[in-house]
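Supplied in C-alpha cells, the structure appears directly below.
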Amino acid sequence: MVAVALVLRRYSGALLALALGACGRSDRTVGSSTQSGSALGYAGPQALVLRVPRTGGPPRVHAYPRVDSVVWTSTDPAPTPLHVLAFHDESGSVAYEDLRGRPVLLELRLGTITVPSNKKLTGLASANGSAVFGIASNGEVERMTATGDWSVKPPLPARTVFPQPDGALLIAVGSGANTRLLKMFPPETRVLDSIEFPVASRTTRTQLGDRLYLAVDSGLVVLRTRTMDWGPSVPFSEPISVMASTPSGDRIFVLTASRNQISVVDRYRDKVTSVFDLPGKAADLRVDPFGRYLLARAADRDSVWVIAIGTEHVIGGLRSIWRIDLPFVGYDGKVAVANGDDVLLYDGETLKLHTRVRGGAQDYWYPFMWDGFRPRAAALDVPVRFDSLNLDTTRFDSVGLRDSTAVAADTSAPTGFIVSFAAFLTADRANDLASHIKVGGETAHVVTSARAGSTIYRVVLGPYLTKEEADRAGRESGHSYWVYEGNP
C-alpha cells in the first residue's frame, strides 16, 4: 500500500445554524451546539482551532491564538480523530478518520456529527472535506457524504485513491508492474484516462492538487494530475524516506535514508537546487501551511527542529513529542508543541515561550481559518430591488428588441484560453517568476484570487483565442504549464 502524505487545505467560510432538526440516519447526531458572540465583530476569515478530547467528548472550537476563548461547542460527543483528511471552507465540514478507521463528517455550520459508513475501509482520503473516499475489501471504491453514497468497481482492485480539488478521482489499480492510474469524475463511472503507475514507497501532492510526487527506486518522479502526463524525474542515490511540499508546490523537501540533510527540489527546474544540514538524523517533516517554516522531527529524541524556509536556516530546537496533530505552525507564526499534558506556543523566530495551555495535550488539535462564526450583515439578506432603475423602454416593442446593438452591449466579455504556470501564497515569488517568462514580446503577469481563506497569486499568460495558441505559448516559455479556458 502506498503511504500517502496529503498536504491538506486548512483554511476558510459563514453562519452556524443553531436551530436543528432531526435527521434520517441512525449514525447522525444533532445537538444544541452553542456559539459565543464575543470578539466576533469584524469581517474576514477568523483564525480558529478545533479541539476534540482524545478520550472522547464534545468537540469545541477556540479562537486562535486566544485558545482560552471558546466560540463554539457541541453538546454531543464526537469520535476521537486519528487524523483530519480535509476541511470544506464553505460548509464548514471537517472530514476525518477516527481511531476505529471510520470516516467522520463534523459539520460546524449545521452542528451535526455523521459517521457515513461503518464498513471496513482502507485508504480514506478527501480533497474537500464534504466527501470521503475509501477502498472496500473487494477492491471497490466508495464515496461517502452526509447525504448519500456512491461506489465504483474498477477493472482491477483499487489500491490507492487520490481525490482532486477539481472533482476528479485518481485510482491506482492492480499491483507491481501492472499497476495503472485511472481518472474519472464521480458520479460518472467512465474511465477518462489511464496511464502506467510505478510502485512508490511515498507520495505527496501539492496543496493546489496539480501535481503528485512519488518516491521510487530511482528517485523522485512527478505526475501532472490535470493532464495525466509525467514530468522529468529527479534522481537520488539513496532511498527516499520522507517528502513534504510547500503550500504552493514550488519546492519539495526530501529526506533520504541515511543522511542528516534535507534536499530541496525546485518544481520549475526539476532538480535539486540546494542541500542543507540538520543537527541530527530526522524521521519526519511537516510544512507550515503558510510556507514560512519547516518542522523536522528528531529521530533519536522527542525534539523538533524549526527551519526558516526562506533562508533554509535551522532556527533551533524545541522539546516536543511528534503526533499527527502536533506540532503545527499557526497563522501568526507561533509553533504549537505538545509537552507532557500541556500545549506550548512558541514564537517561530525567537523560539521564546508565548503561551502555555494547561491540559491542552489531552485534546486533538486542528487549526483552520473560517468566517462561519462571524455575524452575518443584515443587509446581505435584503432582497434586491429594481424599482429605482430607469429602464429605456424605447428599445422594445410588443415583439422584442428594436435595437440589436443592445444585445452586444449586455453580453459578458468573451473568455479565452489561459496559460497558467504557478500559484503562490506570496506576491514576491509570483512576481519574480512572472518577470522571467516572456513569449512573443509578452511578459507573464500575476492575477490574484481567494482560495480557502488565503490570497493565491497565479502567474499566467493570455488570454489566447485558441487552445493551440495557448499551448504554443506554454511550450515556448520553457516552463511547466497547463492551459484552461476562462478568464485569468
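So Ala125 ticks every box in (1) over 26 Å from Asp210 (Cβ atoms); (2) buried (at least 20 other Cβ atoms within 10 Å of the Cβ) but one. Which box is left unticked?
Result: Ala125 passes all but (1).
On to the next question. Please verify whether Val304 is under 20 Å from Thr426 (Cβ atoms), in contact with a Pro (Cβ under 9 Å, 6 or more places away or on another chain), modelled with pLDDT of 95 or more and surrounded by 19 or more Cβ atoms within 10 Å (Cβ to Cβ), treating the condition exactly as stated.
Details: under 20 Å from Thr426 (Cβ atoms): no; in contact with a Pro (Cβ under 9 Å, 6 or more places away or on another chain): yes; modelled with pLDDT of 95 or more: yes; surrounded by 19 or more Cβ atoms within 10 Å (Cβ to Cβ): yes.
For Val304, the condition - under 20 Å from Thr426 (Cβ atoms), in contact with a Pro (Cβ under 9 Å, 6 or more places away or on another chain), modelled with pLDDT of 95 or more and surrounded by 19 or more Cβ atoms within 10 Å (Cβ to Cβ) - is not met.
Name, by its number, the condition in (1) more than 30 Å from Thr256 (Cβ to Cβ); (2) of a type outside the set (D, E, K, R); (3) in a strand (DSSP E or B) that does not hold for Thr147.
(3)
Right, another one. Suppose we keep only residues that are closer than 13 Å to Tyr481 by Cα and β-branched (Val, Ile, Thr) within the range 213-233. Which one would you say is surrounded by the fewest Cβ atoms within 10 Å (Cβ to Cβ)?
Thr227
Ok, one more. What pairs can you find where one residue is in the range 243-259 and closer than 16 Å to Tyr457 by Cα, the other is open to solvent by less than 10 Å² (accessible area, probe 1.4 Å) and polar (S, T, N, Q), and their Cβ atoms are less than 6 Å apart, with a gap of 6+ or different chains?
Gly249/Thr206
In addition: Please verify whether Arg205 is open to solvent by 80 Å² or more (accessible area, probe 1.4 Å) and either in contact (Cβ under 8 Å) with a residue 24 or more places away in the chain or on the phi < 0 side of the Ramachandran plot (or both), treating the condition exactly as stated.
Details: open to solvent by 80 Å² or more (accessible area, probe 1.4 Å): no; either in contact (Cβ under 8 Å) with a residue 24 or more places away in the chain or on the phi < 0 side of the Ramachandran plot (or both): yes.
No: the conditions fail for Arg205.
Per-residue answers, yes or no, for (1) at pLDDT 95 or above; (2) within 30 Å of Ser241 (Cβ to Cβ); (3) crowded, with 19+ Cβ neighbours inside 10 Å:
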| position | (1), (2), (3) |
| --- | --- |
| Arg323 | yes, yes, no |
| Val329 | yes, yes, yes |
| Leu351 | yes, yes, no |
| Ala377 | no, no, no |
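Of the numbered conditions (1) more than 20 Å from the chain's Cα centre (by Cα); (2) of a type in the set (Asp, Glu); (3) modelled with pLDDT of 50 or more, Glu90 satisfies every one except a single condition; which is it?
(1)
Using beta carbons and a limit of 6 Å, which pairs, at least six apart or on different chains, have the first residue in the range 459-481 and β-branched (Val, Ile, Thr) and the second one open to solvent by 40 Å² or more (accessible area, probe 1.4 Å) and in a loop (DSSP other than H, G, I, E, B)?
Val460/Pro488
Then there is this: Strands (runs of 3 or more DSSP E) wholly in the range 53-133 with at least 2 residues that are over 25 Å from Trp322 (Cβ atoms), of a type in the set (A, V, I, L, M) and touching a residue at least 24 places away in the same chain (Cβ under 8 Å) - which ones?
Because the criterion is at least 2 residues that are over 25 Å from Trp322 (Cβ atoms), of a type in the set (A, V, I, L, M) and touching a residue at least 24 places away in the same chain (Cβ under 8 Å), the strands (runs of 3 or more DSSP E) in the range 53-133 that meet it are 70-73.
Can you tell me which of Thr160, Thr75 is under 20 Å from Leu212 (Cβ atoms) and polar (S, T, N, Q)?
Matching residue, one of Thr160, Thr75: Thr160.
Restricting attention to the range 450-477, report how many residues are modelled with pLDDT of 80 or more and either open to solvent by less than 50 Å² (accessible area, probe 1.4 Å) or in a loop (DSSP other than H, G, I, E, B) (or both). Give the steps one after another, and end with the answer.
At the first step, the residues of the range 450-477 found to be modelled with pLDDT of 80 or more are 456-477.
From what's left, either open to solvent by less than 50 Å² (accessible area, probe 1.4 Å) or in a loop (DSSP other than H, G, I, E, B) (or both): 456, 458-462, 464-466, 470-471, 473-474, 477.
Residues in the range 450-477 being modelled with pLDDT of 80 or more and either open to solvent by less than 50 Å² (accessible area, probe 1.4 Å) or in a loop (DSSP other than H, G, I, E, B) (or both): 14 in total.
The values are calculated or read from the model by the stated rules, or taken from the named source; none is laboratory data. Every value quoted in this text rests on a predicted model; they were computed, and no experiment measured them. Backbone-built Cβ (ideal geometry, glycine too); neighbour counts: all protein chains shown. Note: areas computed on protein heavy atoms with side chains; ligands, DNA, RNA excluded. Shrake-Rupley method; radii C 1.70, N 1.55, O 1.52, S 1.80 Å.
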